[in-house]
Amino acid sequence: MRMTNKIMRNNSLYNINQNKILEDKLTNQMTNQSKIARPSDDPVVAIRALRLRSNVTALTQYYDKNASDADQWLTVTADALKTIDEVLTDLYKQATGAANKDFTADNLEIVLTQMKSLTKEFYSSGNVDYAGRYVFSGYRTDTAITFSAEDISEMSKHPVSYEINEDFGYDKISTINYTDYNVLSTDIAGDGIDANNQSYEQGVTNTKLFRMRLSYNNIDSTPVDADGKLTKPLPITLTVNGTAVSQNDFTGYSDPEEAYAAIASGKETGIAYIPSTGELVFSEEYYKNNYKEGDKFRVTYNKSEWLEGDINPAHYFQCTETRDIGDGTMTDTKQTGYNYTSVNQDIYYDVGFNQQIQVNTLATEVFTHDVQRDMDDFQHCLTQLRDIETTISDIEKKRAEFAEDSDDYKNWTKKLEAANKAKDYIRENIHTKFENQITNYQTYMNDNNIAITNNATRGSRLELISTRLSNQKATFKDLQTDNEGIDVTQVAVELSASELTYQAALMATGKIMETNLMNYI
C-alpha cells in the first residue's frame, strides 16, 4: 500500500486532535473536579450522580431546614411550658398559704392580687409565637389563644358574638357552700327573734349547692321582669344525654346571691341560671333526682361581651361566630371553632424519608379556663369575708352604744354571736376552697408536666433523627464525591503526560511534513 503525504498528514492531524481531546477532557476534570461534563461522557456515572444528588438535596432539606425549624418550634414551646410550670408552682404556693384560717380579708386580698397577676401571666405564656405562628393554636397559627387589646378595639367597631357549645361530663358538676346570714338584717320584735321565730344564730345556715360552672362569665342574658327574674325564654340550652331540658326547669337570676339563697332555702327547686357568673346551680334534691354517673351534658349559650385576656372560644369549642360587618344591621355569620374530640390538629414536619414528627402542643392540653374561673370564685369568697367582717364591726359598734345589762345590748350580742357563726362558716368555706384549689393546681401542673414530657420526648426523637440525617448526609456526599469526583493527583499526572504527548506529536508531525515523495527518489 502506498503512503502518500496526504495520508500521513490526515493521520497526523487525527492523532493530534485525539491528543487534544484527551487533554481538554483532563483539563475540564481538573477545573470542575468532576469526572464528567455531560451525561454522554459516562452514562452510568451520570445516572448514579442524579440519584445521589437527589438524595443529598432531600437530606439537606430535611436536616438544614425542616429539622432545624422543628427544633426551634419545640424549643419555643419548651420555654413557654417551663414558664407555665413556674407560674403554676407559684399559684400552688399562694393557695397553700391562703388556706391559713387566720387570714383576714385584707390578707386574702393581697394573696388574691398576686394570684391574679400570676393568672394573667399564665395565659400570656400561651400566646408565644415562632416566626409569626402561635405555637399553641393548632391549625389557627395566625390567632392567639386570648383576645388582645387590638382585638377588643376591633370588636368595639365590629361587635362579635359567639354561640358556644360546651360539653361536660358528670364529674364536672362541683359543689359550693353558701352561707346565708340575711337573718342578721331582721329584728321584727327587737328581741333577737327573726320573722320565722328563729334566733339569729339558728337563722344562720350553711348549705351545700351543686353547680355546673361554664367556661365564661358575663354571658348574654335577657331583661329582668317585674319579679326581678330574667325573662324567658332564656338564651341557654342544656341537653342531658342528647335530650333538651325544659325551660320550665330554669329560672334566670341577675344577682348570684339571690340565686344561691333561693336554692339554699328551697324556694327554687329547679335550675338557677346566673349569666353574670356563668353558673347553673342545682339543689341537692334536684341534682340527685335528675343526674347520675356517666351522664353527658351540653350547654349552648351566647357571649358577646369580651375583655382583653379572654380565651378565644374558637380554639376550644364548636361555635358560631356572628360579626357586625357594616352599619350594625348587616352581619356575617360563619361556623368556627373545632371539636377537639374529633378533629386532629397536630402539626407534623417531614424530617426524613417517610418520617414525621409532631411539633405543636394544643392549648387544650395546658390552658384551661378553670384557672381564670377559680379567680372568680376566690373573689366571691373574699367579698363574702369582707362583708361579714364589716357586719361584725358594725354590730360591735352598735352594741357599744348600749349598757351591758340592757335588752338592746343583749340583742346585739346575739346578733354578734350569729355573725361570728356566719364568719366561721365563711372562713371554713374559704379554707376548704383553698385546700381543694391546692389539688386543682396539682392537677394543672400534672397536665403541664405531661405536655413538657411529650414535648421533650419529641425533641429527643428529633435529636436522634437529626444525628442520623447528619450522618446520612455526610455518607451520601462521600458517595457523590466518589462517583463524580476525581483523583487530582492521577488526573494531574495524566494531564501532564497528555501535554507532553501533544507537544511530541506536534514536533513529530512537523518533522514528517517537511519531507515529501521527492525526498525518497
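The values are calculated or read from the model by the stated rules, or taken from the named source; none is laboratory data. None of these values were measured; they are calculated from a predicted model. Note that each Cβ is placed from the backbone with ideal geometry, even for glycine, and that neighbours are counted across all protein chains shown. Side chains are part of the model used for accessible areas, which takes the heavy atoms of the whole protein and leaves out ligands, DNA and RNA. Shrake-Rupley method; radii C 1.70, N 1.55, O 1.52, S 1.80 Å.
Before moving on, here are some points about what is shown:
- Verdict on Ala259 being more than 34 Å from the chain's Cα centre (by Cα) and open to solvent by less than 10 Å² (accessible area, probe 1.4 Å): yes
- Scan the range 262-311 for residues that are part of a loop (DSSP other than H, G, I, E, B) and in contact (Cβ under 8 Å) with a residue 60 or more places away in the chain and the total you get is 15.
To keep it simple, each residue is scored yes or no on (1) modelled with pLDDT under 90; (2) not small (Gly, Ala, Ser).
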| position | (1), (2) |
| --- | --- |
| Met445 | no, yes |
| Ile450 | no, yes |
| Thr453 | no, yes |
| Ser470 | yes, no |
| Asp482 | yes, yes |
| Glu494 | yes, yes |
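- Among the candidates Thr207, Thr222, Thr239, Thr251, residue that is within 37 Å of the chain's Cα centre (by Cα), of a type in the set (Ser, Thr, Tyr), surrounded by fewer than 19 Cβ atoms within 10 Å (Cβ to Cβ) and not in a loop (DSSP other than H, G, I, E, B): Thr239
- Single residue of Leu214, Leu184 found to be open to solvent by less than 40 Å² (accessible area, probe 1.4 Å) and modelled with pLDDT of 90 or more: Leu214
- A search for C-beta distances below 6 Å between a residue of the range 498-521 that is part of a helix (DSSP H, G or I) and aromatic (Phe, Trp, Tyr) and any residue that is surrounded by 11 or more Cβ atoms within 10 Å (Cβ to Cβ) and at pLDDT 70 or above, counting only pairs 6+ apart in sequence or on different chains, returns Tyr502/Asn19; Tyr502/Glu23.
- Conditions (1) touching a residue at least 24 places away in the same chain (Cβ under 8 Å); (2) over 21 Å from Val371 (Cβ atoms); (3) part of a helix (DSSP H, G or I); number of the one not met by Glu150: (1)
- Pairing residues of the range 41-70 that are within 24 Å of Ala131 (Cα to Cα) with residues that are modelled with pLDDT under 80 and surrounded by fewer than 19 Cβ atoms within 10 Å (Cβ to Cβ), at Cβ distances under 9 Å and at least 6 apart in sequence or on separate chains, gives Leu59/Lys477.
- Candidates Thr368, Thr322, Thr329, Thr364 - the one that is in a loop (DSSP other than H, G, I, E, B), of a type in the set (Val, Ile, Thr), over 20 Å from Thr239 (Cα atoms) and modelled with pLDDT of 85 or more: Thr368
- Some residue of the range 402-418 being of a type outside the set (D, E, K, R), without any contact (Cβ under 8 Å) to a residue 12 or more places away in the chain and under 26 Å from Asp310 (Cβ atoms): no
- Thr439 assigned to a helix (DSSP H, G or I), modelled with pLDDT of 75 or more and either among the acidic types (Asp, Glu) or closer than 30 Å to Ile84 by Cα (or both): yes
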